[in-house]
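Everything below concerns the one structure shown next.
What follows draws every value from the coordinates through simple rules; no lab data is involved. Small disclaimer: the values here were computed from a predicted structure and weren't measured. All Cβ positions, even for glycine, are placed from backbone atoms using ideal geometry, and neighbour counts span all protein chains on display.
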Amino acid sequence: MATQVAGKRQQREEYRRKIQEQAERVDGDVSNVKMPKKRFFRQRARMRTPISPAHMDWASHYPAFVDPDPSKINLGGTRKLIKDVEVVDIGCGFGGLLVGLAPLLPDTLMVGMEIRVSVLDYVRSRVSALRLKQQVLKKTAAEKSTNQTPSETPTVPEDEDDEVGSTTTIVPGNYENITGIRANTMKFLPNFFGHHQLSKIFVCFPDPHFKARKHKARIVSESLNAEYAYVLKPGGLMYTITDVEEYHHWGDEPTEGIRDLWELLSEEELDADPCVQVMKFETEESKKVTRNNGNKYVAVFRRKADPEWPA
């Protein structure tokens, strides 16, 4: 048994080493860029949390958005970015929402927060592979332009070994605007984001925790309302979706008592928001619900301006 476990561990380490090595070589052939496979990633138990948002190292996650002035350093000693992170996917899973939103909001920095290490490793490898494919596609397009061939967006056939979410065309932003970090959102959300920093928060198919004694572990709850209101700017949106009707109605309750902070978007506003469509159809969990002919319950809340203190 011990030998079998050691063999699986060795396979995982070897596979992850190859994924890292591919990021160091771009040979012009996009078909050589492989998307990561979920089965080679496992879970571990520790995480690092920044002391404050000013200590967070975002430069390593968004190299394309690092401030060109090397003297601009944050309190953690790392380079600053030219813009702040504005969109958060809490419990991002395998990153389907991030990948779907990336070309839709190419100039907006987005991050997925996930507590499971194995899943987060997959998300990071997925983003790295997508960025690498974009580099190869752009290089191919530049070479074709130099050779004065007819102008067209380069495409390549899908690789049957690639995971869902691979791309074969150049997309706006080249996936440089998305990343994933490990975090316990219920405890440390304000450690990552400042007051009124975010414009959108997504909570997609959270664990419903059906037992009453586990309701305190629900990610959409009255106890976490203060954190969401703190980091979300006035006019910002909090998106929620679940396939559990009871949780959908229960999730409305935390905002009922503080209507001075939240307002529920109308059905017309939901239909006009492209982010809602991505949330309903592009994530891995939403696709599973669709396959099982399940229902999807969507609620989006707009953050109101802080009420004025009485005179």
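The label-point distance for Q10 and D84, in a model that sets each label 7 Å from Cα toward Cβ, rounds to 5.0 nm. Taking Cβ atoms as reference points and 13 Å as the exclusive limit, the residues near E282 contribute a net charge of +1, counting Lys and Arg as +1 and Asp and Glu as -1. The percentage of C-alpha pairs in segment 33-146 whose separation is greater than 22 Å is 44%.
Listed by Cβ neighbour count within 10 Å, with the fewest neighbours leading, F193, F94 appear as F193, F94. Compared with the direct C-alpha span, the chain from I170 to S266 gains 31.1 nm at full extension, assuming 0.36 nm per residue. Using a cut-off of 29 Å between Cα atoms, the listed pairs K34/K139; K133/K288; K138/K288; K18/K200; K200/K288 include K138/K288; K18/K200 as exceeding that distance. Here the calculated FRET efficiency for K139 and Q20, from their Cβ-Cβ distance with R0 = 30 Å, stands at 0.90, rounded to the nearest 0.05.
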